[in-house]
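A quick write-up on the structure given underneath.
The values are calculated or read from the model by the stated rules, or taken from the named source; none is laboratory data. Small disclaimer: the values here were computed from a predicted structure and weren't measured. Backbone-built Cβ (ideal geometry, glycine too); neighbour counts: all protein chains shown.
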Amino acid sequence: MITRINLLLLAALVVCALSLVTSRHHARKLFVDLEREQTLSRAYEVEFGQLQIEQSTWAMPARIEKIGREQLHMQLPATGRIEVLDRDRR
Amino acid sequence: MKSMRATHFRATATPKFPRLRAPLVFGGLLVLLVGLLGRSLYLQRIDNAFLQEQGSSRYSREIDVPAHRGRIVDRFGDPLAISTPVKAVWAWPDQVVATPDQLRALAAALEMTPAALNQKLAQGGDFVYVKKPVAPEVADRAAALKIKGVHDETEYWRYYPGGEVMSHIVGFTGDHDVGQEGLELAQQSWLGGKQGSRRVIINRRGEIVEDVKSIRAPQEGRDLALSIDSRLQYLAFREIRAAVEANKARAGAAVMLDVKTGEVLALVNWPSYNPNNRIRATRDKMRNRALIDTFEPGSTLKPFTIAAALDAGKVRPSSIIDTAPGTLTIGRATIHDAHREGALTVEQVIQKSSNVGAAKIALSLPAETMWQTLSATGFGAAPMTGFPGEVSGRLRPAKSWRPIEQATMAYGHGISVNLVQLARAYTVFATDGELKPVSLLKVDGAIAGRPVISADTARAVRRMLEMVVLPGGTAPKAQVAGYRVAGKTGTAHKLEGHSYVDKYVSSFVGFAPASNPRLVIAVMIDEPAGGQYYGGAVAAPVFSSIMGAALRLLGVPLDAPIDNVVLPPDGTDLREET
């Protein structure tokens, strides 16, 4: 009787040990994935920063003004050509 | 027989050992055993660090966790400074072993000429940066050549998209991304990130498989939002630069404040420099003149003299001051007006910027009262913007004033200010007598100021300042189409050593719309040499163009007809000295 219980316990122990090994392996695999994703997220952050630099370089007021003046031929109207609309007086 | 022989054998096979041999051998072995045990105990328990480390280095590593420096953004969140990782390619010139072909390939990979590369390597010595910063892809291409003695490393590089427009406020970082100038320096502890580290377990492919513990948590740098409006900043920069160049001036600066919050919306200087490429940046170009330089303000100080007298009840706006014959002698010194006027009202003293009138009004006041008003409006004390190196200017204690000094101080000589101080002081006229605190960082909501003069006095001076820009005043060119403007010109002789020379600081400080002021703008042009030097001719037009465009950009409702600008006929400009 005692022997049978011992054998049962031994079997349970082996099963537990094996499942520990697999779950440990699984955990490590997940952790590697997590690390990879985190690295990726840092890389995206860096790229975001670079894109922000690029965007603000393209959107520099000096550049926009130049394009407005030279390519689109925009200019401020002279005072005499401005009509002011009064919202309160319809 | 057999037993006999055996006995005999036993008798002969048992040698005669020395008596102490067995105990000695036993003792010796025991000593060795104890020694071994002791050694193992020593290695296991006492001096185990070395072996532990050797052991753990086979499977665990301590790795750095990078933390980047916070961004600096303008009031709308547009970036003014961003750190991004780049590579630096460096070499030990002594150890570089490469064929000429390899060197040519390296130069091509790094987008530099072979001659420039050879020059770098010919410097000899321990360490030389071949090129930095380089994009990571470029560095990878260089590394792929596998030239001995050439290495690369990752470091953070700070980019300033605002370039020379923003450089004086933002400043820049030096080595290792540490603030060196401007707000980068002042806000180092807020912006700077602290690199962390952690211990991890790696597998045989070098992948991290487990976190053991965090040794130091990384501390990311925090973003810093400035009060600056990039669009207004650019606008002011463009105008100041144009004005300095047109007037062949030494330098120029402008400050724009939000009247409601005291925020600095724009702060520009010319000459300027590009913080992304500081090779040609001299100390002179890097000076943030608006905050770290002082000048004698000249006539822009007169309104404060008048305000002190109005507040003390010594004069009323319509009181008559006799300024004839345009000179006033005090002791051995004589004060001059640039143009002779006769009897003027207090309003006209401001409008026509009469030195004699201002001096007479000042002399009717006790020195202590005048000092009180000037001191309360922030003169003689640093504006507390937190900018490194900001100066307080000079306002001497009233006890040491002689009458001539009190008279000259009435029109802004014998006192020194910086431009931010001057702009800030005008908030007392733009509001109903409150001095607003200035801030270079974004402020949420309106900020209460400190009451300095009575609301009646503030309104009275505001009316006088409006007269300055009308025909008959010193600055018709400060007018803005569609808006009522108030302000004051200044044309101050410069002090070199102990005497005044024929060099000027032209200035204009004003605000608009006068019916409900939103912006204060102060403009200063240092040593204009293009023929004109009066504040009304040099600084007022700059004020007008910045103010007009800024109010339009901010969508401030008009408070005057669009055709309100009335310029006096040519040649009848009213001039002023100081």
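Structural remarks
- Between A:VAL84, A:VAL46, the distinction of being under 30 Å from B:ASN564 (Cβ atoms) and among the β-branched types (Val, Ile, Thr) belongs to A:VAL84 only.
- Consider segment B:486-503 and keep the residues that are hydroxyl-bearing (Ser, Thr, Tyr) and crowded, with 18+ Cβ neighbours inside 10 Å. The one that is farthest from B:ALA458 (Cα to Cα) is B:THR491.
- Residues that are within 14 Å of chain A (Cβ to nearest Cβ) and part of a loop (DSSP other than H, G, I, E, B) within segment B:225-270 comprise B:ILE228, B:ASP229, listed in sequence order.
- Total residues in segment B:121-175, condition of a type outside the set (A, V, I, L, M, F, W, C), closer than 30 Å to B:MET256 by Cα and more than 14 Å from every other protein chain (Cβ to nearest Cβ): 4
- Sole exception among (1) surrounded by fewer than 23 Cβ atoms within 10 Å (Cβ to Cβ); (2) of a type in the set (Lys, Arg); (3) more than 14 Å from chain A (Cβ to nearest Cβ); (4) more than 30 Å from B:GLU62 (Cβ to Cβ) for B:LYS302, by number: (1)
- Residues in segment B:496-548 that are over 19 Å from B:GLN421 (Cα atoms) and in a strand (DSSP E or B): B:GLU496, B:SER499, B:TYR500, B:VAL501, B:ASP502, B:LYS503, B:TYR504.
- Filter result for A:ILE64 (closer than 30 Å to B:LEU558 by Cα and either modelled with pLDDT of 90 or more or in contact with a Lys or Arg (Cβ under 8 Å, 6 or more places away or on another chain) (or both)): yes
- Index of the failed condition, B:SER272 passing every other in (1) under 29 Å from the mean Cα position of the chain (by Cα); (2) closer than 22 Å to B:THR489 by Cα; (3) of a type in the set (S, T, N, Q); (4) surrounded by 21 or more Cβ atoms within 10 Å (Cβ to Cβ): (2)
- Filter pass, B:ILE63 being facing chain A (nearest Cβ under 10 Å) and either touching a helix residue (DSSP H, G or I) at 6+ places or on another chain (Cβ under 9 Å) or not in a loop (DSSP other than H, G, I, E, B) (or both): no
- Flag for A:ARG69 being more than 34 Å from the chain's Cα centre (by Cα), basic (Lys, Arg), under 20 Å from B:ARG238 (Cβ atoms) and more than 8 Å from chain B (Cβ to nearest Cβ): yes
- Applying the criterion of at least 3 residues that are under 30 Å from B:ALA246 (Cα atoms) and not hydrophobic (A, V, I, L, M, F, W, C) to the helices (runs of 4 or more DSSP H) found wholly in segment B:271-327 leaves B:283-286.
- Annotation: of all residues in segment A:72-83 being of a type in the set (A, V, I, L, M, F, W, C) and exposed (fewer than 11 other Cβ atoms within 10 Å of the Cβ), the one that is farthest from the chain's Cα centre (by Cα) is A:ALA78.
- Total residues in segment A:34-66 satisfying the condition of being over 21 Å from B:SER230 (Cβ atoms), more than 10 Å from every other protein chain (Cβ to nearest Cβ) and not polar (S, T, N, Q): the figure is 3.
- Scanning segment B:66-80 for residues that are in contact with a Pro (Cβ under 9 Å, 6 or more places away or on another chain) and either at the interface with another protein chain (Cβ under 10 Å from one of its Cβ atoms) or without any contact (Cβ under 8 Å) to a residue 24 or more places away in the chain (or both) yields B:PRO66, B:HIS68, B:ARG71, B:VAL73, B:ASP78, B:PRO79, B:LEU80.
- Condition check for B:THR334: among the polar types (S, T, N, Q), buried (at least 23 other Cβ atoms within 10 Å of the Cβ) and farther than 30 Å from B:ASN274 by Cβ: no
- Whichever residue in segment B:81-120 is within 14 Å of another protein chain (Cβ to nearest Cβ) and of a type in the set (S, T, N, Q) and, among such residues, is nearest to A:GLU47 (Cα to Cα): B:THR84
- In the set B:ALA251, B:ALA242, B:ALA236, only one residue is surrounded by fewer than 18 Cβ atoms within 10 Å (Cβ to Cβ), out of contact with any His (no Cβ under 6 Å at 6 or more places or on another chain) and closer than 30 Å to B:PRO517 by Cβ; that residue is B:ALA242.
- The C-beta contact set for segment B:422-448 (first residue crowded, with 24+ Cβ neighbours inside 10 Å, second residue of a type in the set (Phe, Trp, Tyr), distance under 6 angstrom, 6+ apart or interchain) comprises B:ALA430/B:PHE511.
- Segment B:137-153: number of residues that are surrounded by 14 or more Cβ atoms within 10 Å (Cβ to Cβ), out of contact with any Asp or Glu (no Cβ under 9 Å at 6 or more places or on another chain) and part of a helix (DSSP H, G or I): 1
- Taken residue by residue, segment B:46-55 has no member that is within 20 Å of the chain's Cα centre (by Cα), over 25 Å from A:GLN38 (Cβ atoms), part of a loop (DSSP other than H, G, I, E, B) and away from chain A (no Cβ under 14 Å).
- Of the set (1) of a type in the set (Gly, Ala, Ser); (2) surrounded by fewer than 21 Cβ atoms within 10 Å (Cβ to Cβ); (3) out of contact with any helix residue (DSSP H, G or I) (no Cβ under 6 Å at 6 or more places or on another chain), all apply to B:ALA481 but (3).
- Among (1) part of a strand (DSSP E or B); (2) in contact (Cβ under 8 Å) with a residue 12 or more places away in the chain; (3) within 14 Å of chain A (Cβ to nearest Cβ); (4) hydrophobic (A, V, I, L, M, F, W, C), the one test that B:VAL209 misses: (2)
- None of B:ARG222, B:ARG198 is farther than 16 Å from B:VAL268 by Cα, in contact (Cβ under 8 Å) with a residue 40 or more places away in the chain, within 12 Å of another protein chain (Cβ to nearest Cβ) and charged (D, E, K, R) except B:ARG198.
- Of the residues examined, A:ALA17 is not one that is within 14 Å of another protein chain (Cβ to nearest Cβ) and either part of a helix (DSSP H, G or I) or surrounded by 11 or more Cβ atoms within 10 Å (Cβ to Cβ) (or both).
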